[in-house]
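Worksheet: the structure to be examined is printed underneath.
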Amino acid sequence: QVRLVESGGGLVQAGGSLSLSCAASGRTFSDSAMGWFRQATGKEREFVAAITWNGGSQYYTESVEGRFTISRNNAYNAVYLQMNSMKPEDTAVYYCAATRWPPPASGWLRNHEVYQYWGQGTQVTVSS
């Protein structure tokens, strides 16, 4: 069965850093786009970052641009999210996701509906 498992969440002070990892199994995702989403308590799930199948292009929501970096290593079937200069507003459960089919355009990677596989989530809390 296909599984995506996030790790690396925790508590960090504002201005600090965290690195999230997502390990996939049950399927090779080297031909899939992958992304990170987050959901804060009482709020809707939002797009954070995405990366194309070969890592050639990365996309971010404006609020994390310049602070977060998404990367992947297809040899290890993994995707990562490096988070720097963190803010309390970054507090949320973070989910990794993978597509099954290529999206018609890169802009679709911001839409959670294009992702078929999801991890269980990892909590990230940023204190003031």
Residues that are in a loop (DSSP other than H, G, I, E, B), at pLDDT 95 or above and more than 13 Å from the chain's Cα centre (by Cα): does region 88-97 have at least one? yes
All but one of (1) over 12 Å from the mean Cα position of the chain (by Cα); (2) closer than 23 Å to Ser128 by Cα; (3) in contact (Cβ under 8 Å) with a residue 12 or more places away in the chain hold for Arg38; state the number of the condition that does not hold. (1)
Among the residues that make up region 92-109, is at least one of them free of Cβ contacts under 8 Å to residues at least 40 places away in the same chain, closer than 14 Å to Phe47 by Cα and of a type in the set (S, T, N, Q)? no
Could you tell me whether any residue of region 8-24 is touching a helix residue (DSSP H, G or I) at 6+ places or on another chain (Cβ under 8 Å) and not in a loop (DSSP other than H, G, I, E, B)? yes
Going by the structure shown, is Phe29 closer than 17 Å to Tyr94 by Cα, in contact (Cβ under 8 Å) with a residue 24 or more places away in the chain and among the aromatic types (Phe, Trp, Tyr)? no
If I filter region 1-47 down to residues being at pLDDT 95 or above, of a type in the set (Val, Ile, Thr) and farther than 12 Å from Tyr80 by Cα, which single residue comes out as least open to solvent (accessible area, probe 1.4 Å)? Val12
Selection over region 66-91 where residues are closer than 20 Å to Glu44 by Cα, of a type outside the set (Lys, Arg) and open to solvent by 60 Å² or more (accessible area, probe 1.4 Å) yields a count of 1
When region 93-113 is checked residue by residue, the ones that are touching a Gly at 6+ places or on another chain (Cβ under 9 Å) and either of a type in the set (Phe, Trp, Tyr) or open to solvent by less than 60 Å² (accessible area, probe 1.4 Å) (or both) are Val93, Tyr94, Tyr95, Cys96, Ala97, Ala98, Thr99, Leu109
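The values are calculated or read from the model by the stated rules, or taken from the named source; none is laboratory data. No experiment lies behind these values; they were computed from the predicted model shown. Every residue, glycine among them, receives a Cβ derived from its backbone with ideal geometry; neighbour counts consider all protein chains shown. Calculation scope for accessible area: heavy atoms of the full protein, side chains included, ligands and nucleic acids excluded. Shrake-Rupley method; radii C 1.70, N 1.55, O 1.52, S 1.80 Å.
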